[in-house]
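Single-structure report; data block below.
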Amino acid sequence: MDINIQPILQSWPFLLKALMMTILVSALSTLLGFAIGVIVGALRTYGGRFANIVLGFYVDSMRAIPLLVILVWTFFAFPLVIGHSINAVTAGIVGLGLHLGAYVSETIRAGLTSVRRNQMQAALALGMSPFQAIRTIILPQAVIRMLPALGSLCVIAIKDSAIASVIAVPELLRQTQIVAGKTFRPFELYTAAMLCYFILCYPMARGVDRLYRRLAHLGSS
Amino acid sequence: MTDDPILIFESVVKRYGDLTALDGVSLTLRRGEVVCLIGPSGSGKSTLLRCANALDPVDEGRIRFDGHEVKSTESSVRLVRQRMGMVFQNFELFPHLTVLRNITIGPTTVLKLGHAAADERAKKLLAKVGLSDKALSYPSALSGGQQQRVAIARALAMEPALMLFDEPTSALDPETIGEVLSVMKTLADEGMTMLVVTHEMDFARRVADRVAVFDKGRVIEEGAPQEIFTNARVARTRDFLSHLGWHGEGAASVSKREEA
């Protein structure tokens with residue numbers, strides 16, 4: 001098998017832009033997913049029975065529907081509901097974020113529940129409102145305790161951004177497919193794409209592990 | 001001490017399911033007074049403390065703090081809690097915050113005090129409890145006694161009118177109990193109003209103005225420490241004290257001399 005990296009060298013600005021898109025989509029969907037996850041996780045833990053049931057339905061549906069189907073639905077079906085089309089990047093970020101949010105919320109919920117009840121009481125005894133106590137005392141400890149799990153979810157968010165290629169988000173996998181199709185060099189191009197994902201994800205996974213080892217004692221009340 | 005009552009329990013009843021933890025407790029705490037609650041485990045002492053600042057709601061009776069009824073259902077309960085410092089058996093420092101931040105987080109988030117002013121207040125309190133060098137440490141790096149002293153400083157940072165201590169030395173190694181008790185003694189000497197659940201009979205005898213003896217959710221005897229420890233009227237009190245190896249003041253000081 002001869003190896004020819006010429007197509008990569010020729011189309012690198014195009015592929016670099018695609019890599020940037022992958023990073024953008026991953027970052028924004030992670031941000032959205034974590035925002036949803038923290039709110040849903042906290043509401044399910046502290047918001048009473050009704051909130052727990054309603055949001056539990058959201059979490060369970062996200063876990064029961066394939067991500068691919070959620071993305072396709074957001075891009076092709078959801079515009080019919082709201083009456084105008086949405087661009088692929090937005091649909092991708094929203095779909096990925098909604099999906100990730102369910103998993104983040106379960107992790108956050110587990111973390112919040114694991115913090116000893118007396119920590120909440122100590123915060124309330126200072127005169128804090130339940131909201132202040134959760135925000136400043138309980139949630140930070142929960143996040144520290146759940147760092148390894150949350151780190152895995154970040155890595156999954158980056159990897160899952162590749163699925164957005166099916167709705168034509170111009171991210172790394174999609175654009176690699178285009179170049180590979182034009183140049184007939186699938187081996188070089190897909191290998192390069194694979195390496196890119198690895199280079200993005202591996203340091204993230206290791207970094208979070210290392211961070212956790214340094215911070216773990218801050219989460220153990 | 002004045003005759004001015006600051007905290008009044010009126011026939012307080014608290015149940016957990018079938019268990020009646022408090023069975024009609026009435027007790028009055030006057031401004032500047034140190035009252036120790038003693039009695040066997042599970043007799044309701046800690047429950048009374050948790051009802052005082054409405055961490056646990058009462059089922060019957062009422063609690064008045066500084067002229068206002070303490071009600072867990074009303075948001076005004078936060079104003080009550082701001083003015084009642086609480087020290088827990090297991091310290092309950094916030095592990096993700098430095099010692100300094102543990103002390104300032106109440107004043108900055110609840111009282112909306114500026115960070116500079118809160119830091120200054122915290123540093124004074126750290127000096128008071130003898131831990132100025134630990135300001136930037138995290139709780140996990142501190143001994144139990146040090147953590148409890150920080151917890152006292154954290155409660156004091158809210159400038160409370162009253163301090164609640166829930167068995168503050170029960171989770172400590174014997175050699176660190178003394179440092180916590182002496183901080184509490186200093187507070188008492190400065191005129192702080194204190195309600196202390198304790199098994200440290202020596203502390204109760206030396207520091208308390210009054211001692212209330214709990215048994216099965218009731219106050220079975222109440223009086224000056226010398227009365228309770230030397231001349232208890234209720235048989236159950238004498239029984240409890242003798243189980244602790246306490247045979248009156250004279251006996252205690254003899255055993256102390258022997259230890260020394």
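The values are calculated or read from the model by the stated rules, or taken from the named source; none is laboratory data. Everything quoted here is computed from the prediction, not taken from an experiment. Note that each Cβ is placed from the backbone with ideal geometry, even for glycine, and that neighbours are counted across all protein chains shown. Ligands, DNA and RNA are excluded from the accessible area calculation, which covers all protein heavy atoms including side chains. Shrake-Rupley method; radii C 1.70, N 1.55, O 1.52, S 1.80 Å.
Below, the figures for the structure above:
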| quantity | calculated |
| --- | --- |
| Candidate set from region A:182-221 (those that are β-branched (Val, Ile, Thr) and within 21 Å of A:Leu153 (Cβ to Cβ)); member that is farthest from the other protein chains (Cβ to nearest Cβ) | A:Ile199 |
| Residue that is most open to solvent (accessible area, probe 1.4 Å) [pool: residues in region A:116-134 that are facing chain B (nearest Cβ under 9 Å) and under 30 Å from A:Ile156 (Cβ atoms)] | A:Arg116 |
| Which listed residue, of B:Leu93, B:Leu100, is within 10 Å of another protein chain (Cβ to nearest Cβ) and either in contact with a Lys or Arg (Cβ under 9 Å, 6 or more places away or on another chain) or open to solvent by less than 70 Å² (accessible area, probe 1.4 Å) (or both) | B:Leu93 |
| Subset of region A:172-205 [modelled with pLDDT of 95 or more and of a type in the set (D, E, K, R)] | A:Arg174 |
| Cross-chain or 6+ apart pairs with Cβ under 6 Å, region B:15-39 first and at positive phi, then open to solvent by 60 Å² or more (accessible area, probe 1.4 Å) | B:Gly24/B:Ser11; B:Gly32/B:Met1 |
| Of all residues making up region B:139-170, the number that are hydroxyl-bearing (Ser, Thr, Tyr), away from chain A (no Cβ under 11 Å) and open to solvent by 30 Å² or more (accessible area, probe 1.4 Å) | 2 |
| Hey, B:Val13 modelled with pLDDT of 95 or more, within 30 Å of B:Gly145 (Cβ to Cβ) and either part of a loop (DSSP other than H, G, I, E, B) or not charged (D, E, K, R) (or both) or not | no |
| Criterion violated by A:Val166 - all others in (1) more than 19 Å from A:Ile36 (Cβ to Cβ); (2) more than 14 Å from chain B (Cβ to nearest Cβ); (3) surrounded by 23 or more Cβ atoms within 10 Å (Cβ to Cβ) satisfied | (3) |
| Selected residue (only one of A:Phe198, A:Phe184 is on the phi > 0 side of the Ramachandran plot and free of Cβ contacts under 8 Å to residues at least 24 places away in the same chain) | A:Phe184 |
| Failed condition for A:Thr113, given (1) more than 12 Å from the chain's Cα centre (by Cα); (2) buried (at least 21 other Cβ atoms within 10 Å of the Cβ) | (2) |
| Members of region B:106-124 found to be in contact with a Lys or Arg (Cβ under 8 Å, 6 or more places away or on another chain) and of a type in the set (A, V, I, L, M), listed by number | B:Val110, B:Leu113 |
| Residues (among the acidic types (Asp, Glu) and in contact with a Gly (Cβ under 8 Å, 6 or more places away or on another chain)) located in region B:121-174 | B:Asp173 |
| So B:Leu136, is it open to solvent by 40 Å² or more (accessible area, probe 1.4 Å) and either more than 9 Å from chain A (Cβ to nearest Cβ) or without any contact (Cβ under 8 Å) to a residue 40 or more places away in the chain (or both) | yes |
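For (1) acidic (Asp, Glu); (2) open to solvent by 30 Å² or more (accessible area, probe 1.4 Å); (3) more than 8 Å from every other protein chain (Cβ to nearest Cβ), each residue gets a yes or a no:
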{"site": "B:Asp23", "(1), (2), (3)": "yes, yes, yes"}
{"site": "B:Arg30", "(1), (2), (3)": "no, yes, yes"}
{"site": "B:Glu33", "(1), (2), (3)": "yes, no, yes"}
{"site": "B:Ser43", "(1), (2), (3)": "no, no, yes"}
{"site": "B:Leu48", "(1), (2), (3)": "no, no, yes"}
{"site": "B:Ala52", "(1), (2), (3)": "no, no, yes"}
{"site": "B:Arg81", "(1), (2), (3)": "no, no, no"}
